[in-house]
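Here the structure comes first, spelled out in structure tokens, and everything after it is commentary.
The values are calculated or read from the model by the stated rules, or taken from the named source; none is laboratory data. If you're wondering where the values come from, they're calculated on a predicted model, not measured in any experiment. Cβ coordinates were reconstructed from backbone atoms using ideal geometry, including for glycine residues, and neighbour counts include every protein chain displayed.
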Amino acid sequence: MNNTKTSPGLLVKFGKNWVVFFLIVLCVLFSFIGKGFFANNTINNILLSSSPALLLAVGETFVIVSGGIDLSIGFVRGMVAVISAIVMRDLYAMGYSAFLSILAGIVIGLLAGLLPGLLSGMLIAKFKVPPFIATLGMYGISNGIAYGLCSGFPIINVPQEAGRLGNGHIHYYFSGLGFSLFNRPPGMLDSQLRNLVRIFPNSILISGLIITVFGYILARTRFGQHTYAIGGNIDAARRAGINVDWHLVKIYVISSFFAALSGVLSVLIFSNGSHTQFSASLELFAVAAVVIGGASLSGGKGSIRGSFLGVLILSVLEVGFLMAGIFAFYRYIAVGSILVLAVIIEQTFPELIYD
């Protein structure tokens, strides 16, 4: 009799946390296939590579929970990266300090990145353009602007301090010199960098703080409740007195804001503003991460925690395949397979995943 009571409970627990179990299985598998998978540098690489993708996924989470989709975020990210890098490069070349050049590049890039979301939201809310079409339009416009500004080449010669900020870590440790905060221990030689232990990238701290705030907004505030209500039943949300049109505008601005943050962060990490046609796949990976994390494409379901786990799975796959010497195209096959699996689980066993 006890078995019949605990068995369904365990099944429900597994259904709600299957992504966590799957992530653990992946980590264990790659620890056998690739040497040093749990090494400090590998973990840092996973965190560093996942931070820009995580920002895209968080913005997409708000959109998908509201019942929409944003296909423009990959090219918005590329557009902002180019604009931000151009501002940093040009101001620095004009003699402004590295600090002012970087700050101006960040602020102008973020402001420019808000415009596609505002336009998409207005088209969807006021002119009733389907989200797929509205954001596909912004996809093309952002792509064209970015390509026109950079002609397909990376924007280089940004201040070196930008790269130091983006690739810096919270703690450093070197045997004999101890720990230091934000900078490598004083007295260290360049020849000793190979043995320097870097702990927790700055990019994760920056991303984590912002994501924590918006995670709280989605999960614990009236704004978040209205987002879930609109995604669950937009007509019922209107009857409940929610200003659906204005709320949707804000949702798409949030998505664009996170795409802009991702673009700025990519400039700081890679020390250039790059825009390629590969950006088109970034929004697909963001959508995949959100769905793998438990969100429903029909709206009304999803969480920042789930999207975070989805991004971790994709990052672990990327780094694990690279360390194991597996061809890159297998990663795309794996991502597609996991995405289909996530949708099948959601559609077949919704009672095991959602309350």
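Structural remarks
- Condition met for A93 (more than 16 Å from S207 (Cβ to Cβ) and in contact with a Cys (Cβ under 9 Å, 6 or more places away or on another chain)): no
- Matching residues, region 192-235, being free of Cβ contacts under 8 Å to residues at least 24 places away in the same chain, touching a helix residue (DSSP H, G or I) at 6+ places or on another chain (Cβ under 9 Å) and closer than 18 Å to F308 by Cβ: G208, T212, Y216, I217, G224
- Meets criteria (surrounded by 17 or more Cβ atoms within 10 Å (Cβ to Cβ) and modelled with pLDDT under 95) for F174: yes
- Of all the residues in region 142-170, those that are in a loop (DSSP other than H, G, I, E, B) and either among the aromatic types (F, W, Y) or over 30 Å from R184 (Cβ atoms) (or both) number 3.
- Helices (runs of 4 or more DSSP H) lying entirely in region 1-74 (those with 1 or more residues that are at pLDDT below 80 and closer than 30 Å to P116 by Cα): 40-65
- Taking the listed residues F179, F223, the one that is in a helix (DSSP H, G or I) and over 24 Å from I102 (Cβ atoms) is F223, with no other qualifying.
- In region 195-218, the residues that are outside any helix (DSSP H, G or I) and within 14 Å of L54 (Cβ to Cβ): P201
- Within region 296-335, tally of residues that are in a helix (DSSP H, G or I), among the small types (G, A, S) and either on the phi > 0 side of the Ramachandran plot or free of Cβ contacts under 8 Å to residues at least 40 places away in the same chain (or both): 1
- Filtered residue count, region 76-93, keeping only those that are in contact (Cβ under 8 Å) with a residue 24 or more places away in the chain and over 14 Å from the mean Cα position of the chain (by Cα): 12
- Residue list for region 88-102, restricted to those being buried (at least 24 other Cβ atoms within 10 Å of the Cβ) and out of contact with any Ser or Thr (no Cβ under 6 Å at 6 or more places or on another chain): I102
- Within region 263-281, the set of residues being touching a Ser or Thr at 6+ places or on another chain (Cβ under 8 Å) and either at pLDDT 90 or above or in a helix (DSSP H, G or I) (or both) comprises G263, V264, L265, S266, V267, L268, I269, G273.
- Scan of region 132-153 for residues that are surrounded by fewer than 16 Cβ atoms within 10 Å (Cβ to Cβ) and either among the polar types (S, T, N, Q) or closer than 24 Å to L47 by Cα (or both), ordered by number: S151
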